[in-house]
């Protein structure tokens, strides 16, 4: 399987965020890389998924051009290894590849294989989710990681004391990568499944739900998410642009969830909600 590498130059932080969101809505993207210093965004998608005319519409709306390059499958992991950067939440946790040195003074160290399901462009959303997780009580809790990707958040949940974690993704590569990463980090009590949120229809309610996905999936599945959240439970949402805050908040509150807090990082937004405890 070959991939298309799409390079956007002279793309400031706001344009990179818009491009990432718009491409994720239009294509099945495999990953993103960002270079803040050079205002650079690099995106990857499978060759058969790429439609130049639709990309031209996106970039035309933003007034920016793009270059493309074919990347043979055999070079894919090498590309990621060259560009993968660790995520570090000072004093709390790190997410790194095994070729990176372990950061000092972090309580939890997660080692992953940097494959297509993880990209440096999503570090802000991952870091935001982990920052919120730092202040939650996971001990003995049932956790649902919706759209697990590499399994990072599921792994951290177990490290924080979760007793039972279900992680799902609708991408086969992500599921394979998450399984590999869970084994690498010794987190055996994570069940990883391929599929959509309907997989949890018959599951007992979850104490904590983690959903680092995108605006459209969150909006489409908000009621479903609320139904699977236990009374008094916590929901963390990310993969959201600040300009989408109102529509996400409206969907969450309409579903019966109560807003708790929000944080932003590099033009990405993470929001925390809870479900009312009713006796």
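Can you tell me how many residues within region 191-218 are surrounded by fewer than 19 Cβ atoms within 10 Å (Cβ to Cβ) and not in a strand (DSSP E or B)? Total meeting the criteria: 11. Do you know which of the residues in region 154-190 that are at pLDDT 90 or above and surrounded by fewer than 14 Cβ atoms within 10 Å (Cβ to Cβ) is nearest to residue 135 (Cα to Cα)? In this case the residue turns out to be 161.
Counting only residues that are in contact with a strand residue (DSSP E or B) (Cβ under 9 Å, 6 or more places away or on another chain) and outside any strand (DSSP E or B), which one in region 259-278 is modelled with the lowest pLDDT?
Out of the qualifying residues, it is 278.
Within region 170-184, can one find any residue that is under 24 Å from residue 269 (Cβ atoms), in contact with a helix residue (DSSP H, G or I) (Cβ under 6 Å, 6 or more places away or on another chain) and in contact (Cβ under 8 Å) with a residue 12 or more places away in the chain? Within region 170-184 (the criterion being under 24 Å from residue 269 (Cβ atoms), in contact with a helix residue (DSSP H, G or I) (Cβ under 6 Å, 6 or more places away or on another chain) and in contact (Cβ under 8 Å) with a residue 12 or more places away in the chain), the answer is no, since none of the residues qualifies. Determine, yes or no, whether residue 96 is at negative phi and modelled with pLDDT of 95 or more. No; evaluated as a whole, the condition is false for this residue.
The set of residues in region 88-107 that are part of a loop (DSSP other than H, G, I, E, B) and over 14 Å from residue 128 (Cβ atoms) comprises 90, 91, 98, 99, 100, 101, 102, 103, 104, 105, 106, 107.
The values are calculated or read from the model by the stated rules, or taken from the named source; none is laboratory data. Quick caveat: nothing in here was measured; it's all calculated off a predicted structure. All Cβ positions, even for glycine, are placed from backbone atoms using ideal geometry, and neighbour counts span all protein chains on display.
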